[in-house]
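Here the structure is laid out as structure tokens; the discussion comes afterwards.
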Amino acid sequence: PPNSTLLEHAVANATATAFDLDTDGLRHAESAALTPAQLLPWLARERSVDDWSDTWPVDIQRRAVALSVPLHKRKGTVWAVKQAIAITGYRAQIQEWWQQTPAGTPHTFAIDVEIDDRGISDGAIGEIERRIDDAKPVRSHYTLRAVGVSRCGQVFTCVSFAGDIVTVQPYQLT
């Protein structure tokens, strides 16, 4: 302002660069996809990520932070269990008790975790079990199976059918 003193001009000039902050980091601090990797542990704590490891690759850490709020909203559902396992990079098939043949014990389910060419360690199985325990309904119990799956670039199939055609008709009274 035109009526400012020399002291005020000196203070303004001295602090002009001191408060010249780069705010791009602040704009992205709340985004799991855009926040700098060193801020992910704090963002995870803010979002109440149940299971966290600083040894995870950054992409898995980002996925855990991004899915935390939707997981908390849907805890106790099949979707939440599948997503909790997906964070680890494995896929799973879940069969609830009423979908099994014969029907299983009420409030139980079976989980088949697909193990591909990379295999699975005891530590990874323990992590998957912790994630399932956090996401499943408290009253439910489960069995966990590791199922080997191989994914190939090309698949060749040959099918041959042979046999007789049989027609079955209802019994008729004569």
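Taking the criterion of being in contact (Cβ under 8 Å) with a residue 12 or more places away in the chain and open to solvent by 70 Å² or more (accessible area, probe 1.4 Å), the residues of the stretch 40-68 that qualify are Asp50, Asp54, Arg63.
Whenever a residue of the stretch 98-125 is within 14 Å of Val78 (Cα to Cα) and free of Cβ contacts under 8 Å to residues at least 12 places away in the same chain, its partners that are open to solvent by less than 70 Å² (accessible area, probe 1.4 Å) and not small (Gly, Ala, Ser), lying with C-beta atoms within less than 9 angstrom and at least six residues away or across chains, give the pairs Gln99/Phe109. A residue that is open to solvent by less than 80 Å² (accessible area, probe 1.4 Å), out of contact with any strand residue (DSSP E or B) (no Cβ under 9 Å at 6 or more places or on another chain) and either within 21 Å of Ala86 (Cβ to Cβ) or at pLDDT 90 or above (or both) occurs somewhere in the stretch 19-32. Among the candidates Lys82, Lys75, the residue that is modelled with pLDDT of 90 or more, basic (Lys, Arg), part of a loop (DSSP other than H, G, I, E, B) and surrounded by 11 or more Cβ atoms within 10 Å (Cβ to Cβ) is uniquely Lys75.
Screening Gly119 with (1) under 14 Å from Val147 (Cα atoms); (2) not in a loop (DSSP other than H, G, I, E, B) gives one miss only, at (2).
The values are calculated or read from the model by the stated rules, or taken from the named source; none is laboratory data. For clarity, every value in this text was computed on a predicted model and none was experimentally measured. Cβ coordinates were reconstructed from backbone atoms using ideal geometry, including for glycine residues, and neighbour counts include every protein chain displayed. Note: accessible area is taken over every heavy atom of the protein model, side chains too, but ligands, DNA and RNA are not part of it. Shrake-Rupley method; radii C 1.70, N 1.55, O 1.52, S 1.80 Å.
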